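**Q** This structure is in structure tokens; I'll ask about it shortly.
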Amino acid sequence: MDVSGVLEAHKQKFKSVSVEGKVIPLEYDLGLLTAYDQNPIDEALLKKNKDEYLQSLSRDNAQLLFNEIFQLPTISDDNGVMAMLPTPTTLLPREKPLPKPKPETRWEKFAKAKGIVNRKKERMVFDDNTGEYKPRWGYKGINDDGSKDWIIEVPAGSNPMEDQYEARRDAKKERIDKNDKRRQRNMEEAAVASKMDQKTVNKGERPNMDNARSMKRKEIENQILISKSSTASVGKFDEAIKGDLKPKGIKRKFEPNVTADLSKEKAGNMSILDRVVGKNGEDLVNVRKAIKATKSRK
């Protein structure tokens with residue numbers, strides 16, 4: 001049975017992988033799977049059949065891009081054969097803005113002033129007591145503060161009946177709480193300083209943290225004043241507390257009854273008169289609106 005005719009008819013349904021007619025070769029950035037076609041568009045074919053021309057142009061450019069991809073080196077794994085893409089050459093804009101520099105903590109400012117350089121220490125250290133390597137900190141670390149000692153000597157001047165194991169645990173808990181408070185304080189001061197020196201942050205400089213405490217105090221005072229006015233009487237009939245903050249608002253300014261300059265008094269009275277009877281004979285009442293409102297009531 002001769003099936004060559006059937007195969008030839010089936011082959012003619014598909015276009016060739018070779019594309020011709022490109023005067024200017026395409027530029028490729030295979031790292032981004034991108035091809036740039038700088039050839040001019042045939043306006044006659046575009047006006048004759050726009051959709052067919054654009055589909056044909058897109059198909060040819062995509063075929064050229066696939067031809068370049070198939071020439072790349074490949075690797076095989078459980079997922080199949082994959083092409084090894086090169087490093088992209090096209091510079092793309094950032095999706096998000098550059099991160100703002102973080103304000104320095106107290107330790108960073110101190111280390112910078114004293115010239116202290118942070119050097120990375122090894123995680124595992126040798127323990128002379130056990131003869132084994134142990135982590136510097138953490139689980140089964142060497143910094144367990146002697147909590148696993150089977151006997152503890154009572155320090156001089158301390159109560160001999162005191163549980164030294166419990167004393168060590170309490171001391172360690174106090175150090176952890178102290179470090180947490182310091183960390184929280186540094187975070188609050190850094191947040192306040194970033195709000196206070198936003199201009200310096202935008203310039204790329206480190207914000208000043210000297211007045212961070214005063215800024216935090218003012219912020220807390222403002223929050224207290226806002227909470228005082230959240231009652232049903234807006235704080236008017238609340239019971240006064242000794243040493244409580246008093247709101248600093250804008251006081252009403254009253255003009256004196258007798259003034260030497262009569263022009264100011266005249267200008268004030270004329271402005272009141274203009275609001276009542278209108279300025280330059282203007283009608284303050286919308287006649288059309290008044291007639292419609294009267295008709296609707298009837």
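Laboratory data are not the source of any read-out in this text; all were calculated from the coordinates shown. Bear in mind that the values here come from a model prediction, so they are computed numbers and not experimental data. Please note: Cβ atoms are built from the backbone with ideal geometry, for glycine as well, and neighbour counts cover all protein chains shown.
**Q** Among the chymotrypsin sites (Phe, Trp or Tyr not before Pro) within region 55-154, which fall in a DSSP loop and have no more than 12 other Cβ atoms within 10 Å of their own Cβ? Display every interim value, and only then the final one.
**A** Details: sites: F66, F70, W107, F110, F126, Y133, W137, Y139, W150; in loops: F70, W137, Y139, W150.
Sparse-neighbourhood loop chymotrypsin sites (Phe, Trp or Tyr not before Pro): F70, W137, Y139, W150.
**Q** Cα gyration tensor of region 30-130, axes a ≥ b ≥ c as square roots of the eigenvalues: rounded (a/c below 1.5), prolate (a/b > b/c) or oblate? Let's see the in-between values first.
**A** Working: a/c = 5.47, a/b = 2.17, b/c = 2.53.
Oblate.
**Q** ³J(HN,Hα) across region 261-266 via Karplus (A = 6.51, B = -1.76, C = 1.60, θ = phi - 60°), whole Hz, x for Gly/Pro?
**A** Couplings: 8, 6, 5, 5, 5, 5 Hz.
**Q** Non-local amide H neighbours of T34 (under 5 Å, H modeled in plane, Pro and chain starts lacking H): which ones?
**A** D29
**Q** Looking at the square roots a ≥ b ≥ c of the eigenvalues of the Cα gyration tensor of region 86-192, which shape do they give, rounded for a/c under 1.5, prolate if a/b is larger than b/c, or oblate?
**A** Numbers: a/c = 3.10, a/b = 1.88, b/c = 1.65.
Because a/c hits 1.5 or more and a/b exceeds b/c, region 86-192 counts as prolate.
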